[in-house]
Amino acid sequence: MLAIYPGSFDPVTVGHLDIIIRAAKIFDRVIVAVLQNPSKIASFTSEERVMLLRRVTAGMENVEIESFHSLLADFAIEKGAQVIVKGLRAMSDFEYEFQMALANRHLNPDVETVFLTSGAENMFISSSMVKQIAGFGGNIDAFVPMCISEDIKIRLNRGVSSK
Ligand code: COA
């Protein structure tokens with residue numbers, strides 16, 4: 001079974017990686033789909049986010065990273081995916097995720113949204129939080145995978161913003 005795990009991943013965090021690892025154990029193939037949430041301003045380009053994800057998932061044979069610029073429901077049809085995976089951190093995520101799941105089911109009734117609960121230790125982590133801490137020179141080592149931590153610090157301390 002093929003699952004898609006969509007998100008902005010601006011940048012990928014340990015919370016995202018936890019969901020990817022667990023999804024890869026459940027499904028035959030997982031496509032991590034990087035896209036731009038139109039209501040957010042990205043700090044990393046789409047190419048940078050894809051590269052960071054490829055580095056943190058290196059060696060995971062059933063995980064692929066792609067970017068897309070369409071409706072998630074259409075991307076799922078294009079790929080032949082049966083499942084959309086989303087991570088749920090807290091009740092505050094629920095209402096938005098429920099709405100998205102219903103909209104996606106309306107657009108593509110052949111795809112089910114499956115929620116994986118976030119690990120308790122990752123409940124409070126978000127990409128914005130990582131960016132804010134790194135932007136002020138704080139330590140983000142606990143929040144992003146070790147192999148990309150230094151590059152994220154350097155990149156965000158440069159203060160370069162990309163669309
Ligand atoms: N651990 C840690 N952080 C997590 C997490 C986890 N398990 N899961 C989510 N987060 C964080 C993300 O980093 C993000 O943080 P930020 O707000 O600081 O950037 C936040 O929680 C929200 O994540 P998510 O709900 O995945 O939103 P997103 O903006 O990353 O992605 C899309 C949303 C891209 C999946 C959604 O907008 C989409 O599908 N767009 C395509 C258009 C479409 O088809 N829309 C549906 C029809 S209305």
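Return the only residue of M129, M123 being touching a Lys or Arg at 6+ places or on another chain (Cβ under 7 Å), open to solvent by 20 Å² or more (accessible area, probe 1.4 Å) and near the ligand (Cβ under 10 Å from one of its atoms). Let's see the steps before the verdict.
Details: M129 fails: touching a Lys or Arg at 6+ places or on another chain (Cβ under 7 Å).
One residue alone meets the criteria, M123.
I need the full set of residues from segment 96-120 which are modelled with pLDDT under 90 and farther than 22 Å from R49 by Cα, in order please.
Just the residues of segment 96-120 that are modelled with pLDDT under 90, to begin with: 118-120.
Once the filter is applied, which keeps residues that are modelled with pLDDT under 90 and farther than 22 Å from R49 by Cα, segment 96-120 yields G119, A120.
Across segment 107-120, what is the total count of residues that are part of a strand (DSSP E or B), within 12 Å of the ligand (Cβ to nearest atom) and not hydrophobic (A, V, I, L, M, F, W, C)? Walk me through it before giving the result.
Going through segment 107-120, the residues part of a strand (DSSP E or B) turn out to be 112-117.
Among the residues that remain, those that are also within 12 Å of the ligand (Cβ to nearest atom) are: 113, 115-117.
Filter once more, keeping what is not hydrophobic (A, V, I, L, M, F, W, C): 113, 117.
Result for segment 107-120: 2.
Buried (at least 18 other Cβ atoms within 10 Å of the Cβ), of a type in the set (A, V, I, L, M) and in contact with an Asp or Glu (Cβ under 9 Å, 6 or more places away or on another chain): is that true of L35 in this structure?
Values: buried (at least 18 other Cβ atoms within 10 Å of the Cβ): yes; of a type in the set (A, V, I, L, M): yes; in contact with an Asp or Glu (Cβ under 9 Å, 6 or more places away or on another chain): no.
No: the conditions fail for L35.
With respect to L52, determine if the residue is among the hydrophobic types (A, V, I, L, M, F, W, C) and open to solvent by less than 30 Å² (accessible area, probe 1.4 Å).
It is true that L52 is among the hydrophobic types (A, V, I, L, M, F, W, C) and open to solvent by less than 30 Å² (accessible area, probe 1.4 Å).
The values are calculated or read from the model by the stated rules, or taken from the named source; none is laboratory data. Only a predicted model underlies this, so the values are computations on that prediction, with no experimental measurement involved. Neighbour counts are summed over all protein chains in view; Cβ atoms, including those assigned to glycine, are modelled from backbone coordinates with ideal geometry. For accessibility, only protein heavy atoms count, side chains too; no ligands or nucleic acids. Shrake-Rupley method; radii C 1.70, N 1.55, O 1.52, S 1.80 Å.
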